[in-house]
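Novice: Take a look at the following structure, please.
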Amino acid sequence: MMRRFFCLLIPFLFLERCTLKNNNKTILLNDKIQKNLKMGSNLKLSKNIREKCNNRVLSMLDIDKNDTLTRFYLSSLLFNYTNLDNESSFKTVSKLLFNKSTEAKDTLNLARYYRYKAGYFKKNAIDDSAFYYYIKAEKFYRKTQDELGLAKVYSNKRQLQYKYDDYTGSNLSAKKAYSYYKKSNNLEGQYHSLIAIGNNCTILKEYNNAVNAFQQALEILKKDKSIDNSGTCLNNLGNVYREEKKFKKAMYYLNLALKDKSLVTSDPCLVGFLLNNLSYCKLQLKEYKGVPEMLYKSVKLMKDEEGIKESTISYIYLSNYFIARHDTLKSQIYAEKALKIAKKYRAPYYYLSALSNAGSVDCKKASKYIVEYDRINDSLYFIENNTRNQYYSIQLETDDIKHEKEVVVIQKRIITGISGFVILVIVLLLIITKQRAKQKELRLLQEQQKNNEEIYDLMLVQKSKEEQARKSEKKRIALELHDGIMNKLASTRLNLNVLNHKNDDKTIKKCLSYIASIYDIEQEIRDIAHDLTLDAFNNSINSFVTLVKDFISAQENTTKTKYKFEMDETINWEKISSIIKMNLFRIIQESSYNINKFAEAKNAIICFMLDESNLCLSITDDGKGFDVESNNDGIGLKNIKQRVESLNGKLVIQSISNKRTSLNIAIPLA
């Protein structure tokens, strides 16, 4: 009996031993995988070691399985590969994770897949793809409970938006990231989100919000000093007050940051930024003591590429310091240094600042710098617009896909509803025949009423357009009278005024020609009345260039100002519309009138240039100038602005007291 019992027991013991062996093997394998994954994510180790560890994990995984643990290991492995340059391994693991997560309908690992893929593209500066995949990741994370993962998506997304000047979008993403980091009790994430919010608000001129964000960030640093040094936050806080022109308050926070002497070794570039900002505040307050020493120190500290670019600002401030100390030569030397560095390192925004500064300290080269400034500024504006439009189109495409899905769901519901309705109609057809007839009649009445309302609305719109056209025509005639006829009448009046002082034959003979010009004024009034003004600029005999030259010649004969006319020979005036030529001629008339009446200028330059697809007009005089910011525009200046706006152009007015005034206009020809 006992022998029989042991014979039955032996197979069970054998099976249990085999199971224990298999379990031990699985535990050992999982330990090895986890150990290699940990080493593969350790950025302190060399890339070669990390790559070997990750490749070892990939070889140990049973990729035929599709359980939760396998997908978790694949997602961890994909994250590790984002920090390596092995593109083939990254693609292999990402494909495995996507297929297995899709098959298992694993929303969390799909969210991780899109997030890690976006991180890989971001690391390799393929920003449009990164932005697209972050939007996809956001969609999947919202369906999970992983609030920390969603916070990281928003945090990365706001960095891309900030990079391409979408500060409103970046601010919204930073606020979302902050709220999810707060729910996850992640202090480091909260801190960096608050810094981002403060920086965005500073650029958007929401200064109170920026200060609140930076103050909250400082409170977090008090709780956990291991997150970051306070220098960055204090510098940003000082920068807010600097932008608000509260220079004393800004200096308080900048000096507070500079008290940390360890920054010179731990973050020398930050010290350079702090010294630059502090120097600017002292220059604005005219506290010149110690300013050049701080700026020289700043240049020495900023040795990496970004720091060297920032040294452009140091040289600009040095230029400002020496111009304030009436040392023009040194000021020009440092202005040229700033230009060379910005140009060498291809830093367009620093280059624009350097050009603006160089133009203000070197009057001889000012016109050259202005042309270069406008060229760079226009090209940057074009590039930024294109990039921003690209990102908006990605967002729009994502929204369209979502919308299409919603439409399909609605269509399914409609089809189901229609099927049920058809069955119901068949059953109740005899009962509801009369009711349907009444509904049809009511529907026709409603449509008739709706059509009547639409006709009435169209009549109102048409009437509004007619009224608008009348106002526009009145405005046009007013412009023509002011810029053309009034200027000529004023000129004739001034020229005939000489008869009050001289009555000799020579003077009377000269004035007869001015009296004869009244006929020209009468002719122009008649042209305006018959809307023939544009024809004068279409006439091939009386070309636009001839009109301008005749006008300048008349100005030189009747005023003390000496005019110089320059023109790009490549301009084909026959292809330029008469509307543009007419408005440019009126602008020249109005500007010349202002120069004669207010500027007391000895010399004036009128210059036409062709810049790519833009026709540029520059009018510069060496008169007494005016304050552009505080000046209340007269009707003449308003008319000039209206004419430029009507041509979709750009107008820049710059004036230096008792030196020069320049009016620069760019009109797109496309």
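The values are calculated or read from the model by the stated rules, or taken from the named source; none is laboratory data. Bear in mind that the values here come from a model prediction, so they are computed numbers and not experimental data. Ideal geometry is used to build each Cβ from the backbone, glycine not excepted, and the neighbour counts take in all protein chains shown. Just the protein is used for accessible areas: all its heavy atoms, side chains included, with ligands, DNA and RNA removed. Shrake-Rupley method; radii C 1.70, N 1.55, O 1.52, S 1.80 Å.
Novice: If I ask for residues that are of a type in the set (Lys, Arg) and open to solvent by less than 20 Å² (accessible area, probe 1.4 Å), which ones from the range 120-131 would you list? Please lay out each step first, then the result.
Specialist: Let us first name the residues in the range 120-131 that are of a type in the set (Lys, Arg), namely 122-123.
Those that are of a type in the set (Lys, Arg) and open to solvent by less than 20 Å² (accessible area, probe 1.4 Å): none in the range 120-131.
Novice: I would also like to ask the following. When you go through (1) more than 18 Å from Arg242 (Cβ to Cβ); (2) part of a helix (DSSP H, G or I); (3) modelled with pLDDT of 85 or more; (4) not β-branched (Val, Ile, Thr) one by one for Lys289, which number turns out not to apply?
Specialist: Only one criterion in (1) more than 18 Å from Arg242 (Cβ to Cβ); (2) part of a helix (DSSP H, G or I); (3) modelled with pLDDT of 85 or more; (4) not β-branched (Val, Ile, Thr) is unmet by Lys289, namely (2).
Novice: Here is a further query. For the range 321-346, enumerate the residues that are touching a residue at least 24 places away in the same chain (Cβ under 8 Å) and open to solvent by 50 Å² or more (accessible area, probe 1.4 Å).
Specialist: Ile323, Arg325, Thr328, Gln332, Tyr345, listed by residue number.
Novice: Given Asp67, Asp85, Asp31, which one is exposed (fewer than 12 other Cβ atoms within 10 Å of the Cβ) and either at pLDDT below 85 or touching a Phe, Trp or Tyr at 6+ places or on another chain (Cβ under 7 Å) (or both)?
Specialist: Of Asp67, Asp85, Asp31, the one residue that is exposed (fewer than 12 other Cβ atoms within 10 Å of the Cβ) and either at pLDDT below 85 or touching a Phe, Trp or Tyr at 6+ places or on another chain (Cβ under 7 Å) (or both) is Asp85.
Novice: Suppose the filter is in a helix (DSSP H, G or I), in contact with a helix residue (DSSP H, G or I) (Cβ under 9 Å, 6 or more places away or on another chain), open to solvent by 10 Å² or more (accessible area, probe 1.4 Å) and β-branched (Val, Ile, Thr); does Val211 pass it?
Specialist: yes
Novice: Restricting the range 298-320 to residues that are part of a helix (DSSP H, G or I) and out of contact with any helix residue (DSSP H, G or I) (no Cβ under 6 Å at 6 or more places or on another chain), which is most open to solvent (accessible area, probe 1.4 Å)?
Specialist: Result: Lys300.
Novice: Another question, then. Out of all the residues in the range 634-643, is one or more open to solvent by less than 50 Å² (accessible area, probe 1.4 Å), closer than 23 Å to Thr558 by Cβ and either without any contact (Cβ under 8 Å) to a residue 12 or more places away in the chain or assigned to a loop (DSSP other than H, G, I, E, B) (or both)?
Specialist: The answer is yes; a qualifying residue exists.
Novice: Considering (1) modelled with pLDDT of 75 or more; (2) within 23 Å of Ala554 (Cβ to Cβ), say which one Val425 fails and leave the rest.
Specialist: With (1) modelled with pLDDT of 75 or more; (2) within 23 Å of Ala554 (Cβ to Cβ) applied to Val425, the lone miss is (2).
Novice: I need the full set of residues from the range 88-119 which are open to solvent by less than 10 Å² (accessible area, probe 1.4 Å) and of a type in the set (A, V, I, L, M, F, W, C), in order please.
Specialist: Result: Phe90, Val93, Leu97, Ala111, Ala118.
Novice: Now for a separate question. Checking Ile49 against (1) under 48 Å from the mean Cα position of the chain (by Cα); (2) at pLDDT below 85, only one condition comes out false. Which one?
Specialist: (2)
Novice: Test of understanding: among Asn239, Asn235, which residue is open to solvent by less than 30 Å² (accessible area, probe 1.4 Å) and either within 15 Å of Gln215 (Cβ to Cβ) or at pLDDT 90 or above (or both)?
Specialist: Answer to the selection: Asn235.
Novice: Determine whether Asn658 is farther than 24 Å from Ala554 by Cβ and under 27 Å from the mean Cα position of the chain (by Cα). Break it down into steps so the answer makes sense when it comes.
Specialist: Values: farther than 24 Å from Ala554 by Cβ: yes; under 27 Å from the mean Cα position of the chain (by Cα): no.
Spelling it out, it is not the case that Asn658 is farther than 24 Å from Ala554 by Cβ and under 27 Å from the mean Cα position of the chain (by Cα).
Novice: Anything in the range 218-235 that is assigned to a helix (DSSP H, G or I) and within 30 Å of the chain's Cα centre (by Cα)? List them, or say none.
Specialist: Leu218, Gly231, Thr232, Cys233, Leu234, Asn235
Novice: What are the pairs with Cβ atoms under 8 angstrom where one residue, in the range 159-173, is open to solvent by 20 Å² or more (accessible area, probe 1.4 Å) and the other, located anywhere, is not in a helix (DSSP H, G or I)? Sequence gap at least six, or different chains.
Specialist: Tyr167/Leu204; Thr168/Leu204
Novice: Taking the range 570-610 as the search range and keeping residues that are open to solvent by less than 40 Å² (accessible area, probe 1.4 Å) and outside any helix (DSSP H, G or I), which one is farthest from Ala666 (Cα to Cα)?
Specialist: Result: Ala601.
Novice: Going by the structure shown, is Ala257 surrounded by 13 or more Cβ atoms within 10 Å (Cβ to Cβ) and more than 16 Å from Ile195 (Cβ to Cβ)?
Specialist: no
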